[in-house]
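The next block holds one structure in the form of structure tokens; read it before the comments.
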Amino acid sequence: MALPEWFVGSTEEAAFLRLVLDHVSDCLVAVDTTGTIVLINEPYCRLLGGEADDFVGRHITDVVGPQTKLHLVARGVGTHIGYPLEVRGHKLVTKQVPVQRDGEIIGAVGLALFSDYDALKKTYSRISKDQLALPRASRHWLSKFNVHDVIGEGELMDAYRATLGLVAEYDLPVLISGETGVGKELAAHAIHGLSGRAAEPFVWVNCASIPSELIEAELFGYEGGAFTGARDRGKPGKFELASGGVLFLDEIGDMPISLQGSLLRVIQTSEIVRVGGTIPITIDVRVVCATNRPLADLVAAGRFREDLFHRLNVLPVSVPALRDRADIAFLAENMLQRIAARLSKPAARLTKDDYRVLRDHPWPGNVRELENALTRLVVTGRLQPTASITSPTPVTSNPSASLKQRTRSLAATEIRGALEQAQGNKRRAATLLGISRAHLYRMMKACDIG
């Protein structure tokens, strides 16, 4: 087990510490500030089913899974003691703390306090209720990703990451635009992680997935008894939960126009009033929005308030479409490694035909579609973009039909094929098509598919 330079001093110290850590019965792993594993002991290797060399140098989320917080702790985003973690079917109770040198965080260490829940239950049974009556720590919504998760190379991606860094410096509203599946939420996470609010909550709301009659209560909260079914004690909304941090409003173009005026006032005054409430509540929240629909067009159509558009569009960020990127092969190779690790499968190798598919396929679902295709490659051994697995019925060419009609007919065929393969499950059908469920519903409505 190799030890990082910052962990020990002399060669003798390193050898002794290596021996000690390998004899610790519980799992231990250490990462640097990028989340890369620099140390892992023998018990953890046994649990993962490999040797230290199989894991050192890889990102912690690739090895343990996305549920770990160790890469965030390594960047100074909190400390987690008693954090439950499931690794390869084993339930652990962990302690994840930063490692500091001269007051500067240089990494983080994760240690299993209990290797399984049975050990925890035995310890729990020995502690009196009075001893267990500890104050509950507040649970923040924490960002799961950072700018290191924005994978890509070349001038376009370098410029894109530079834009994210620039935008993160200023505590102003951000409007992220881009096609479905390009990674707009990842951009929001990256901005949050690079900003001065990185240690504070990252709270998200998908404006398209919440019924219009409930979205006001979801955003602003409600007082007890405000409406039928409301909790007696009331409930804080997403703005209150995000206080001090970031509120990410995804698919902002789908927000009901009747609520847009209230959102505008909140941004202008930094105050909210709960549904059924009478007292303004001061909030400190940075608003980051995302849309795959041109808001300027919605303004022109009278479906989005112009004053709100200008208030949100202070710092615009455009996420590149996959077809405009020159690094698709590089991205695919990196994603393959993570997907294989997540599925506990050997990493697949791309063939010449695979590289040709990567180059020639238009990738309308962008990075999400690419990830789905690569997942199928790991599972089935074949790289199959969305269009090739839906087995659509050939569309008879009709020269007299308009381009719009032919495009709609092809889209309807693709949607029906995906729904059939997913046995009517719209969430799975959207995944197969590489689009969001809300986008699928809009396409079904446009194609008159019930």
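The values are calculated or read from the model by the stated rules, or taken from the named source; none is laboratory data. Just so we're clear, the structure is a prediction, and the values are computed from it rather than from any experiment. In this analysis, Cβ positions are derived from the backbone assuming ideal geometry, glycine residues included, and neighbour counts consider all displayed protein chains.
Here's a check for you: in region 318-347, which residue that is under 17 Å from ARG58 (Cα atoms) and in a loop (DSSP other than H, G, I, E, B) is modelled with the lowest pLDDT? It comes out as ALA347.
Let me confirm something: among ILE176, ILE191, which residue is at pLDDT 90 or above and in a helix (DSSP H, G or I)?
The match here is ILE191.
Kindly establish whether ALA74 is at pLDDT below 90, assigned by TED's automatic domain parsing to the domain that holds LYS91, small (Gly, Ala, Ser) and buried (at least 18 other Cβ atoms within 10 Å of the Cβ). Outline the logic, then answer.
Numbers: at pLDDT below 90: yes; assigned by TED's automatic domain parsing to the domain that holds LYS91: yes; small (Gly, Ala, Ser): yes; buried (at least 18 other Cβ atoms within 10 Å of the Cβ): yes.
Criteria met by ALA74.
Taken over region 162-199, the criterion of being without any contact (Cβ under 8 Å) to a residue 60 or more places away in the chain and either within 17 Å of the chain's Cα centre (by Cα) or not assigned by TED's automatic domain parsing to the domain that holds VAL288 (or both) is satisfied by LEU186, HIS189, ALA190, LEU194. Among the residues examined, GLY277 does not qualify as under 23 Å from LEU166 (Cα atoms) and outside any helix (DSSP H, G or I). Residues of region 279-334 that are β-branched (Val, Ile, Thr) and in contact (Cβ under 8 Å) with a residue 40 or more places away in the chain: ILE281, ILE283, VAL285, VAL287, VAL288, THR291, VAL314, VAL317, VAL319, ILE328. Scanning region 152-168 for residues that are crowded, with 17+ Cβ neighbours inside 10 Å and hydrophobic (A, V, I, L, M, F, W, C) yields MET157, LEU164, VAL167, ALA168.
In region 422-432, which residue that is in a helix (DSSP H, G or I) and surrounded by 15 or more Cβ atoms within 10 Å (Cβ to Cβ) is modelled with the highest pLDDT? Per the stated criteria, the residue is LYS426. Among all residues of region 112-127, there is at least one that is at pLDDT 75 or above and assigned by TED's automatic domain parsing to the domain that holds PRO43.
Yes/no matrix, rows are residues, columns are (1) buried (at least 17 other Cβ atoms within 10 Å of the Cβ); (2) in contact with a strand residue (DSSP E or B) (Cβ under 9 Å, 6 or more places away or on another chain); (3) small (Gly, Ala, Ser):
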{"residue": "LEU175", "(1), (2), (3)": "yes, yes, no"}
{"residue": "LYS184", "(1), (2), (3)": "yes, yes, no"}
{"residue": "ILE191", "(1), (2), (3)": "yes, yes, no"}
{"residue": "LEU194", "(1), (2), (3)": "yes, no, no"}
{"residue": "GLY237", "(1), (2), (3)": "yes, yes, yes"}
{"residue": "ASP250", "(1), (2), (3)": "yes, yes, no"}
{"residue": "SER258", "(1), (2), (3)": "no, no, yes"}
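For region 210-231, the condition holds for at least one residue, the condition being that it is without any contact (Cβ under 8 Å) to a residue 12 or more places away in the chain and charged (D, E, K, R). Only one entry of LEU383, LEU322, LEU336 meets the criterion of being surrounded by 15 or more Cβ atoms within 10 Å (Cβ to Cβ) and under 30 Å from LEU172 (Cβ atoms), and that entry is LEU322.
Regarding ALA411, is this residue modelled with pLDDT of 70 or more and under 22 Å from the mean Cα position of the chain (by Cα)? No; evaluated as a whole, the condition is false for this residue.
Here is a yes/no grid of residues against (1) part of a loop (DSSP other than H, G, I, E, B); (2) under 16 Å from GLY221 (Cβ atoms); (3) polar (S, T, N, Q):
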residue: PHE239; (1), (2), (3): no, yes, no
residue: SER262; (1), (2), (3): no, yes, yes
residue: ARG265; (1), (2), (3): no, yes, no
residue: GLN268; (1), (2), (3): no, no, yes
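Being of a type outside the set (Ser, Thr, Tyr) and under 18 Å from ALA438 (Cβ atoms) is the filter here, so list the residues in region 289-300 that pass it.
CYS289, ALA290, ASN292, ARG293, PRO294, LEU295, ASP297, LEU298 - these are the residues of region 289-300 that are of a type outside the set (Ser, Thr, Tyr) and under 18 Å from ALA438 (Cβ atoms).
For ASP62, the conditions (1) farther than 21 Å from GLY103 by Cα; (2) modelled with pLDDT under 85 all hold with the exception of (2). Inspection of region 365-378 finds a residue satisfying the criterion of being under 19 Å from LEU440 (Cβ atoms) and not in a helix (DSSP H, G or I).
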